[in-house]
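The values are calculated or read from the model by the stated rules, or taken from the named source; none is laboratory data. Being a predicted model, the structure only gives us computed values, none of them experimental. Cβ atoms come from the backbone with ideal geometry, glycine included; neighbour counts cover every protein chain shown.
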Amino acid sequence: MDTFSKILNDYDEDFLNSFIEQIHEEIANIESNLMLIHTATDKQQRLDAVFVSIQEIGVACRIGCWDPLILFMNKAEMVISGFRSGHLQMNELAIEVFLLMIDILRTTAEDMVKIRVLDSHLLNAFSRRMDEIHIADQEQKNELLNETLLQYSVRVKKDVVYNAFEDANKKKLSQPIQSANIETSCSLESAELTRFCNLADALEMRFPHWRGRTETILETCLLINASLGEIIDHRQLTAAVYLHDIGMALLPDSIVYKKGKYSSEETMLMQNHPNYAYDILSCIPDFEDAAQMVLQHHEWFNGDGYPAGLKYSGIAAGAQILSIADTFYSLTHSRPDRNYNKSIVRALSEINRNMGTQFDPDVVEAINAISRQLVSLYENKPHFTSMHHENVDNLEVNSANEYDPHFSTIHAKYGA
């Protein structure tokens, strides 16, 4: 790969940590302000706030003398200036591409801190694309924006990009969505599952921002399991989904709703919640597999997870399915500590970016395979807010591609 790399070993660790904390803070502000900006009445104020955050990041990059990042942030300023002046139409596709640009910034900054290398290849390529968009006429701009989203959304299928920006009220998916024979109500085949379902409902009553969460995660898990050939027993997987976060009920609201970085003690308490769920399930006959799933659903494929630091085949397959479904939900929904969410396209891109580190590659391939079903599933959920492209009829798509602490290679804060 044609790459210019700047070795960062000579930089002070505290300086780099301070830099990444500022990046996360400014990105949270950017994403929060761009959330649903197309329907907001204070568009200009939001754009002004985003512009300030971009400038703050640029200043931090100049202090570090990181030229590729400085150039990249100049292009980000150019995009926001285009929105402010009207030179670049602020439609939902353009906003999505800009947020993708911010994702690239975050990933690059985190790599700088984690592996101490700045790879400018992607930054420079994306910057050149922004220049092309800047000088193009409006019709060409839309074509280039769509092409950019397809090219730089990691492994996301083209028809998923199309459908993610399609107005569900005006169009239907071009292919029927296959059912995974999902039953998510509490009228289930056993008294045990009914009790587990009731416990999940009670948990959602305590945490209103989770209303509907369990059902959506269960549907996602069952779709992934179906894609994998039903490798996990339906009953065990259902039980695991219902109780995987029941331990959160034992934590004080001051921790669950905290904004900002957790202390070491708070992190320890939060990371114990899989153990609480395991203790409950392991005492119930015939749910040993489900107990292992809830215990391991925060383990990482590369061993960086918790509570045991398991890796590879040492992690139960059901736990790996639950992990990716839980994370996908977190990425696409707002939370008490974060009032913005990622689109389906960006969420899938993030998951693919962490294939082989956080997630089992086979499970990532499975969620890719059901990505069109996810579009349909999530678009029909009352608590899901997505972004639709305003001019999707004009797009030619070949049918054939704040920092979230819950999902990041840099664990600044634990997220349930």
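Exactly one of (1) within 16 Å of ASP111 (Cβ to Cβ); (2) touching a helix residue (DSSP H, G or I) at 6+ places or on another chain (Cβ under 7 Å) is unmet by GLU13. Its number?
Here GLU13 meets the rest and fails (2).
Look through the stretch 254-270, keep the residues that are in a loop (DSSP other than H, G, I, E, B) and of a type outside the set (Ser, Thr, Tyr), and return whichever of them is surrounded by the fewest Cβ atoms within 10 Å (Cβ to Cβ).
Filtering the stretch 254-270 for residues in a loop (DSSP other than H, G, I, E, B) gives 257-263.
Checking which are of a type outside the set (Ser, Thr, Tyr) leaves us with 258-261.
Values: LYS258: 16, LYS259: 11, GLY260: 9, LYS261: 13.
Checked the stretch 254-270; the qualifying residue surrounded by the fewest Cβ atoms within 10 Å (Cβ to Cβ) is GLY260.
Answer yes or no as to whether ILE344 is of a type in the set (A, V, I, L, M, F, W, C) and at pLDDT 95 or above.
no
Just checking, which of GLU96, GLU132, GLU143, GLU56 is in a helix (DSSP H, G or I), charged (D, E, K, R) and surrounded by 21 or more Cβ atoms within 10 Å (Cβ to Cβ)?
Answer to the selection: GLU96.
For PHE72, state whether it is over 16 Å from ALA109 (Cβ atoms) and touching a helix residue (DSSP H, G or I) at 6+ places or on another chain (Cβ under 8 Å).
Answer is no for this residue.
When SER323 is evaluated against the numbered criteria (1) touching a helix residue (DSSP H, G or I) at 6+ places or on another chain (Cβ under 7 Å); (2) among the hydroxyl-bearing types (Ser, Thr, Tyr); (3) buried (at least 24 other Cβ atoms within 10 Å of the Cβ), which criterion, by number, is the only one it fails?
Exception for SER323: condition (1).
Quick grid of which residues meet (1) at pLDDT 90 or above; (2) among the polar types (S, T, N, Q):
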position: PHE301; (1), (2): yes, no
position: LEU322; (1), (2): yes, no
position: PHE359; (1), (2): yes, no
position: LEU377; (1), (2): no, no
position: ASN380; (1), (2): no, yes
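Quick one: would you say GLY303 is in a helix (DSSP H, G or I) and in the same structural domain as ALA240 (by TED's automatic domain parsing)?
Criteria not met by GLY303.
Mind listing just one residue for me: the one in the stretch 105-129 that is part of a helix (DSSP H, G or I) and touching a Phe, Trp or Tyr at 6+ places or on another chain (Cβ under 6 Å) and, of those, surrounded by the fewest Cβ atoms within 10 Å (Cβ to Cβ)? Walk me through it before giving the result.
So in the stretch 105-129, the residues part of a helix (DSSP H, G or I) come out as 105-115, 121-129.
Still in the list and also touching a Phe, Trp or Tyr at 6+ places or on another chain (Cβ under 6 Å): 123, 127.
On the way: LEU123: 24, SER127: 19.
Once the filter is applied, the top-ranked residue is SER127.
Restricting to the stretch 7-53, name every residue that is in a helix (DSSP H, G or I), of a type in the set (Phe, Trp, Tyr) and over 24 Å from LYS342 (Cβ atoms).
PHE15
Regarding the stretch 332-348, can at least one residue be identified that is assigned by TED's automatic domain parsing to the domain that holds THR214, buried (at least 21 other Cβ atoms within 10 Å of the Cβ) and among the charged types (D, E, K, R)?
yes
Can you tell me which residues in the stretch 202-235 are acidic (Asp, Glu) and at pLDDT 90 or above?
GLU215, GLU219, GLU230, ASP233 - these are the residues of the stretch 202-235 that are acidic (Asp, Glu) and at pLDDT 90 or above.
If ILE315 satisfies all but one of (1) at pLDDT below 85; (2) of a type in the set (Val, Ile, Thr); (3) crowded, with 17+ Cβ neighbours inside 10 Å, what's the number of the condition it fails?
Condition (1) is where ILE315 drops out.
Of all residues in the stretch 182-197, how many are under 28 Å from the mean Cα position of the chain (by Cα) and at pLDDT 50 or above?
Total meeting the criteria: 4.
Residues checked against (1) charged (D, E, K, R); (2) surrounded by 22 or more Cβ atoms within 10 Å (Cβ to Cβ):
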| position | (1), (2) |
| --- | --- |
| PRO252 | no, no |
| ASN272 | no, no |
| ASN275 | no, no |
| ASP286 | yes, no |
| ALA291 | no, yes |
| GLU299 | yes, yes |
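Among the residues of the stretch 239-260, what is the count of those that are more than 10 Å from PHE196 (Cα to Cα) and among the aliphatic types (A, V, I, L, M)?
Summing the residues that are more than 10 Å from PHE196 (Cα to Cα) and among the aliphatic types (A, V, I, L, M) in the stretch 239-260 gives 6.
Any residue in the stretch 54-79 that's closer than 15 Å to ILE20 by Cα: show its pairings with residues that are outside any helix (DSSP H, G or I) at Cβ separation under 8 Å, as long as the two are six or more apart or on different chains.
GLY64/TYR11; TRP66/LYS6; TRP66/LEU118; LEU69/LEU118
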